[in-house]
Amino acid sequence: YGMIAASGIRLLVDQRVDYGRSRNLAMTSVVLVTGLSGAFVQVGKVKLTGMALGAVVAMLMGLIFWIIDKFHIANDYDDVTKDEA
């Protein structure tokens, strides 16, 4: 897990992710902690743990942030449009 986390962090640094935006910081920290914490979700016979659960959490958070942007719910909407313009 350490090599995968290090590779992911290197990718984030290379892509110059803006950690001044709270959503980027929140997503990175929640996904990293979820992937390493041993947390699990079981639905029927399917059990998601580790990186699989972290990936699902990342997709759900990305979807939530997209919905927030789409419906202009966020307080930082002006910042988002400036970044995307």
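Some observations on this one:
- The number of residues in the stretch 9-34 being in contact with a Ser or Thr (Cβ under 9 Å, 6 or more places away or on another chain) and not β-branched (Val, Ile, Thr) comes to 2.
- Of all residues in the stretch 59-70 being hydrophobic (A, V, I, L, M, F, W, C) and either surrounded by 14 or more Cβ atoms within 10 Å (Cβ to Cβ) or at pLDDT below 90 (or both), the one that is farthest from the chain's Cα centre (by Cα): 68
- On the stretch given as the stretch 1-20, residues that are surrounded by fewer than 10 Cβ atoms within 10 Å (Cβ to Cβ), at pLDDT below 90 and within 22 Å of residue 63 (Cα to Cα) total 1.
- The stretch 38-51, subset of a type outside the set (A, V, I, L, M) and surrounded by 13 or more Cβ atoms within 10 Å (Cβ to Cβ), residue nearest to residue 11 (Cα to Cα): 50
- Residue check for residue 25: under 30 Å from residue 75 (Cα atoms), free of Cβ contacts under 8 Å to residues at least 12 places away in the same chain, touching a Phe, Trp or Tyr at 6+ places or on another chain (Cβ under 7 Å) and not basic (Lys, Arg): yes
- Filtering the stretch 8-20 to residues that are within 15 Å of the chain's Cα centre (by Cα), part of a helix (DSSP H, G or I) and not β-branched (Val, Ile, Thr) leaves 8, 11, 12.
- Being of a type outside the set (Val, Ile, Thr), free of Cβ contacts under 8 Å to residues at least 24 places away in the same chain and either surrounded by 15 or more Cβ atoms within 10 Å (Cβ to Cβ) or not in a helix (DSSP H, G or I) (or both) holds for only one residue in 35, 54, and it is 54.
- Residue in the stretch 21-58 that is modelled with the highest pLDDT, counting only those that are under 15 Å from the mean Cα position of the chain (by Cα) and over 20 Å from residue 7 (Cβ atoms): 26
The values are calculated or read from the model by the stated rules, or taken from the named source; none is laboratory data. All of these numbers come straight from a predicted model, not from anything done at the bench. Virtual Cβ from ideal backbone geometry, glycine too; neighbours counted across all protein chains shown.
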